[in-house]
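The structure appears below as structure tokens.
Read the figures in this text as sums done on the coordinates, not as results from a lab. Keep in mind that what you see is a predicted model, and the values were worked out from it rather than measured. Quick reminder, even Gly has a Cβ in these numbers, built from the backbone with ideal geometry, and neighbours come from all protein chains shown.
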Amino acid sequence: MSSDVRTPEGDIDDFWDEFDWEELSSDEQKLFAALGWNEEKWDEDGKVSSSDKDWEELSSKEQAALSALGYDEEYWNS
């Protein structure tokens with residue numbers, strides 16, 4: 001799946017914040033959807049439950065999605 005996923009440059013959160021949902025590739029949308037995001041939440045700067053969890057509290061599916069999007073445990077927990 002990761003073939004159509006961009007590699008963030010600089011601050012990971014800032015990188016992804018630059019995109020509207022429709023600008024994300026279908027693979028990127030699927031990864032963010034695994035974290036609870038959808039178009040409405042994304043475009044309205046909503047909040048999803050995974051955002052409040054520490055890395056070790058995330059499911060393996062959520063961790064895999066975050067890893068594919070450029071996040072790691074150290075960044076996520078900071």
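Rounded to 0.05, the FRET efficiency of the K47 and S3 pair, given R0 = 30 Å and the Cβ-Cβ distance, is 0.55. A straight chain from D11 to S78 at 0.36 nm per residue would run longer than the Cα-Cα distance by 22.9 nm. Taking loop as defined by DSSP and a crowding limit of 16 other beta carbons within 10 Å, which trypsin sites (Lys or Arg not before Pro) in the range 40-75 fit? Passing sites in the range 40-75 are K47, K53. For the range 22-77, the relative contact order is 35 percent, taking Cα pairs closer than 8 Å that sit 6 or more residues apart in sequence and dividing their mean separation by the residue count.
For the range 13-44, the residues whose backbone nitrogen is under 18 Å from a point 7 Å from the Cα of W55, taken along Cα to Cβ, are 13-14, 35.
Just from its helices, what would the mean residue ellipticity at 222 nm be for the chain, if runs of 4 or more DSSP H residues each count -39500 (n - 2.57) and the sum is divided by every residue, rounded to the nearest 500 deg cm²/dmol? Mind showing how you got there, number by number?
Values: 5 runs with 34 residues, N = 78.
Helix-only estimate at 222 nm: -10500 deg cm²/dmol.
Using the alpha carbons alone, the radius of gyration of the range 22-77 stands to its Kirkwood radius in an Rg to Rh ratio of 0.95. Comparing E23, E39, E62 in a Gaussian network model of the chain, where Cα atoms under 10 Å apart are tied by springs, the biggest mean-square fluctuation is seen for E23.
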